[in-house]
Amino acid sequence: MTMLKREEWQHLVRDVGWDYTYVDHEAVYPEWHSGTGKVPVEAWRDWEESYKVTYPEYVATQNEKEHAAYAVKAALQRSKAFENLDEGWKSSTKMHFGGVTLVEAAAIIGELKMARFGLNPGWRNMAIFGALDEMRHTQITLFFAHEFVGKDPQYDWAQKTFHTNEWGAIALRSLFDAMITSPNVVDLAIQLPLTFETGFTNLQFVGLSADALEAGDINFANMISSIQTDEARHSQQGGPTLEILIQHDPVRAQWVVDKFFWLSARAFSALTGPAMDYYLPVENRKQSYREFMEEWIIDQFMRTLRDYGLKKPWYWDDFVAGLDVWHHSLHLGFWFWRPTIWWKPVGGVSKAEREWLAEKYPHWETIYGPLWDTIIANVNAGQMEKTLPATLPWLCNTCHLPNDNFTYGRDGKWRVRNWPLKHNGVTYHFCTNVCRQIWWEDRDGLNNPTVVERFLAGEIQPMDVPGILAWMGITPDVAGDDGHGYAWAREYLPNGQAARAGSVTS
Amino acid sequence: MTETPDDARTASAEPEPSLIPLNAIFATDFVEILVPVMSNNTVAELAGAVATHVEGIRVPARDAEKAVYHNGRRLDPQLTVAAAGIAPLDHVRVDYVE
């Protein structure tokens, strides 16, 4: 029997659907899940993915990818590659394992929602492949991290992070609940596949993969490159969805893209910014975080906006200005509140590193130099208690990251400015004016209290640093400390003292 | 109705001091922090409470007077937190006087 070629039959099956006669359309595709809004239901018939795949092709390709990724892992498992990695780089991977693994699991739910409630059969088929992809990503990331748990318990947070109240986990849960778990599938397809996966996973999966190779971590590069090949396919669910939404409700389309580009940018400034500009050894850095964002994110995002006829987001100047400060402040915050995180942040401010930072970010020394100089002086004086937190940083009611963004004011000063909002008798504080605007528009859907709010409500007992750490699930064996044992501070000691100085520990 | 001596004492007494958690920032520091003060603390004491977490810790210590700013106004350091109108969850900025 002659087999038909794929192109001879696929058009007949990829979008098989039917009209319901025994039940109402609304019963099968309820608005709160399907989210058609102002788009007539029949308009979704035009939904078409640009890259088509059949199930046999999918299985063959994925099988090949899996074999390749696990073969490289098996080969490297016998080497001493892990032991030779710098702790700064290892911490970049710990951030990734803890911050990303269960987001892949949440994405399974997102894809399955689209597979069930998407308003076109072709879309629903694509989403099935997407769900299988995300299952693979969850499994491969957990498996790769698991190898290291016996060597360092911080790797256990690949599985653990999202089951704790660690403050970074709360920030990420808040973001991905809003992006993946709670929205209808139209908003979801634009938020997750289009804005997040097309827009930003390049940053983590392409940028960090290149950095991993530079750092000598072939295993990690192998894993995330394997994942990225799937992202490139299933992220295309966003494009056709956006095309149809723009035709019928351009205001909604613009808002959804704008909002999740901003929130994703905030999250990646925490997840990727410090990894690229501080944790990766300076001799291995090819591009700064800002340069990478300009080349890989801004150019591509502007192309997407142009292609779909969207406007530049209203906050564009704030976003671009943030590339010079957001991740530097977050790095300083991670380091100072290091007992609250599941990795070992390196200071990353040796003289050579500061020279690199000052070259890439001309305002770095003005803004951050005096702060780090004070910390360095305390480290070198052995006053470690002064380098550790005794209170909480204030966290933004929208992105749940610290309110730590410098802006250059009309007064000629770089200062962190306050963005408050009083609503129903409660005062909220935000990291930026944009997070405040997003909160105001979405205030009925954003009810995730910050760690500070939970602390003030008495949810955290006892109300002190040990009580906070226990509430976050941070145990002494995983609490972060300086990844380089404060070695970077010693070169600031006066001549002679540096040579005599021993190891400093907190 | 005749006022009793007990009633008079109650009427003239200061209200019980209460805890006022604040969103605070010190000078050129990089982050807003949570700082609890009491309503009967003076504004000068509030400045000290914020500085404790930052001065000489992240921001270089200076031998200079500190001022507290609330809703764009510089506050009298002798006032109490309550008398200055500072409410729970308000933002205050503590800065060196140039």
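The values are calculated or read from the model by the stated rules, or taken from the named source; none is laboratory data. Note that the coordinates shown come from a computational prediction; the quantities given were computed from them, not determined experimentally. Counting neighbours? That spans all protein chains shown, and the Cβs are built from the backbone with ideal geometry, glycine included.
Of the helices (runs of 4 or more DSSP H) contained entirely in the stretch A:25-132, those carrying at least 3 residues that are out of contact with any helix residue (DSSP H, G or I) (no Cβ under 8 Å at 6 or more places or on another chain) fall at A:25-28, A:55-77.
Do you know which residues across the stretch B:30-43 are within 29 Å of A:His331 (Cβ to Cβ) and either away from every other protein chain (no Cβ under 14 Å) or of a type in the set (D, E, K, R) (or both)? Write out each step before concluding.
The initial filter retains those residues of the stretch B:30-43 that are within 29 Å of A:His331 (Cβ to Cβ), namely B:30-36.
Within the stretch B:30-43, just B:Glu32 meets the criteria.
Residues of the stretch A:375-384 that are touching a Ser or Thr at 6+ places or on another chain (Cβ under 8 Å), surrounded by 15 or more Cβ atoms within 10 Å (Cβ to Cβ) and more than 9 Å from chain B (Cβ to nearest Cβ): A:Val379 alone. When A:Val452 is tested against (1) within 28 Å of A:Met276 (Cα to Cα); (2) among the aliphatic types (A, V, I, L, M); (3) touching a Phe, Trp or Tyr at 6+ places or on another chain (Cβ under 7 Å), only condition (1) is not met.
Mind telling me which of the residues A:Trp394, A:Trp372, A:Trp471 ends up being among the aromatic types (Phe, Trp, Tyr), in contact (Cβ under 8 Å) with a residue 24 or more places away in the chain and more than 9 Å from every other protein chain (Cβ to nearest Cβ)?
Criteria check complete, one pass: A:Trp471.
Given A:Thr195, A:Thr164, which one is hydroxyl-bearing (Ser, Thr, Tyr) and surrounded by 24 or more Cβ atoms within 10 Å (Cβ to Cβ)? Write out each step before concluding.
Values: A:Thr164 fails: surrounded by 24 or more Cβ atoms within 10 Å (Cβ to Cβ).
Answer to the check: A:Thr195.
Among residues belonging to the stretch A:4-45 that are among the β-branched types (Val, Ile, Thr) and within 19 Å of A:Ala253 (Cβ to Cβ), point out the one that is surrounded by the fewest Cβ atoms within 10 Å (Cβ to Cβ).
Here the answer is A:Val41.
Of all residues in the stretch A:456-489, those satisfying the criterion of being closer than 30 Å to B:Ile20 by Cα, in a helix (DSSP H, G or I) and not aliphatic (A, V, I, L, M) are A:Pro466, A:Gly467, A:Trp471. Considered as a group, the residues in the stretch A:46-63 that are closer than 15 Å to A:Ile244 by Cβ and among the charged types (D, E, K, R) include one that is surrounded by the most Cβ atoms within 10 Å (Cβ to Cβ), and that residue is A:Glu49. Could you tell me which residue of the stretch B:63-98 is surrounded by the most Cβ atoms within 10 Å (Cβ to Cβ), considering only residues that are over 11 Å from the mean Cα position of the chain (by Cα) and within 11 Å of another protein chain (Cβ to nearest Cβ)? Once the filter is applied, the top-ranked residue is B:Leu89. Selection over the stretch A:403-448 of residues that are in a loop (DSSP other than H, G, I, E, B), away from every other protein chain (no Cβ under 13 Å) and either small (Gly, Ala, Ser) or surrounded by 12 or more Cβ atoms within 10 Å (Cβ to Cβ) (or both) gives a count of 5.
When A:Gln247, A:Gln228 are screened for being surrounded by fewer than 23 Cβ atoms within 10 Å (Cβ to Cβ) and within 30 Å of A:Pro40 (Cβ to Cβ), only A:Gln247 passes. In the set (1) in a loop (DSSP other than H, G, I, E, B); (2) at pLDDT 95 or above; (3) of a type in the set (D, E, K, R), the condition left unmet by B:Glu45 is number (1).
Candidates A:Arg354, A:Arg290, A:Arg303: the one that is more than 23 Å from A:Trp419 (Cα to Cα) and in contact with a Leu (Cβ under 6 Å, 6 or more places away or on another chain) is A:Arg290. Number of residues in the stretch A:327-353 that are more than 16 Å from A:Asn378 (Cα to Cα) and without any contact (Cβ under 8 Å) to a residue 60 or more places away in the chain: the value is 3. Of all residues in the stretch A:1-16, those being in a helix (DSSP H, G or I) and not hydrophobic (A, V, I, L, M, F, W, C) number 5. Check A:Met126 against each of (1) modelled with pLDDT of 95 or more; (2) crowded, with 21+ Cβ neighbours inside 10 Å; (3) not β-branched (Val, Ile, Thr) and name the one condition it does not meet. Checking A:Met126 against (1) modelled with pLDDT of 95 or more; (2) crowded, with 21+ Cβ neighbours inside 10 Å; (3) not β-branched (Val, Ile, Thr), the one that fails is (1). Go through the residues of the stretch A:48-55 one by one and say whether even a single one is of a type in the set (A, V, I, L, M, F, W, C) and either more than 30 Å from A:Ser209 (Cα to Cα) or without any contact (Cβ under 8 Å) to a residue 60 or more places away in the chain (or both). The answer is no; no qualifying residue exists. Just need a number here: residues in the stretch B:44-62 that are away from chain A (no Cβ under 11 Å), touching a residue at least 40 places away in the same chain (Cβ under 8 Å) and not small (Gly, Ala, Ser). Summing the residues that are away from chain A (no Cβ under 11 Å), touching a residue at least 40 places away in the same chain (Cβ under 8 Å) and not small (Gly, Ala, Ser) in the stretch B:44-62 gives 1.
Of the residues in the stretch A:76-87, none is of a type in the set (Lys, Arg) and either under 28 Å from A:Pro193 (Cα atoms) or surrounded by 20 or more Cβ atoms within 10 Å (Cβ to Cβ) (or both). Yes or no: the stretch A:30-42 includes at least one residue that is of a type in the set (S, T, N, Q), in contact (Cβ under 8 Å) with a residue 60 or more places away in the chain and within 20 Å of A:Asp187 (Cα to Cα). Scanning the stretch A:30-42 turns up at least one residue that is of a type in the set (S, T, N, Q), in contact (Cβ under 8 Å) with a residue 60 or more places away in the chain and within 20 Å of A:Asp187 (Cα to Cα).
Out of all the residues in the stretch A:284-311, which are of a type in the set (D, E, K, R), free of Cβ contacts under 8 Å to residues at least 24 places away in the same chain and closer than 24 Å to A:His363 by Cβ? Working first, answer last.
As a first pass, look at the stretch A:284-311 and keep what is of a type in the set (D, E, K, R): A:285-286, A:290-291, A:294-295, A:299, A:303, A:306-307, A:311.
With free of Cβ contacts under 8 Å to residues at least 24 places away in the same chain added as a condition, the list becomes A:295, A:299, A:303, A:306-307.
Passing the criteria: A:Glu295, A:Asp299.
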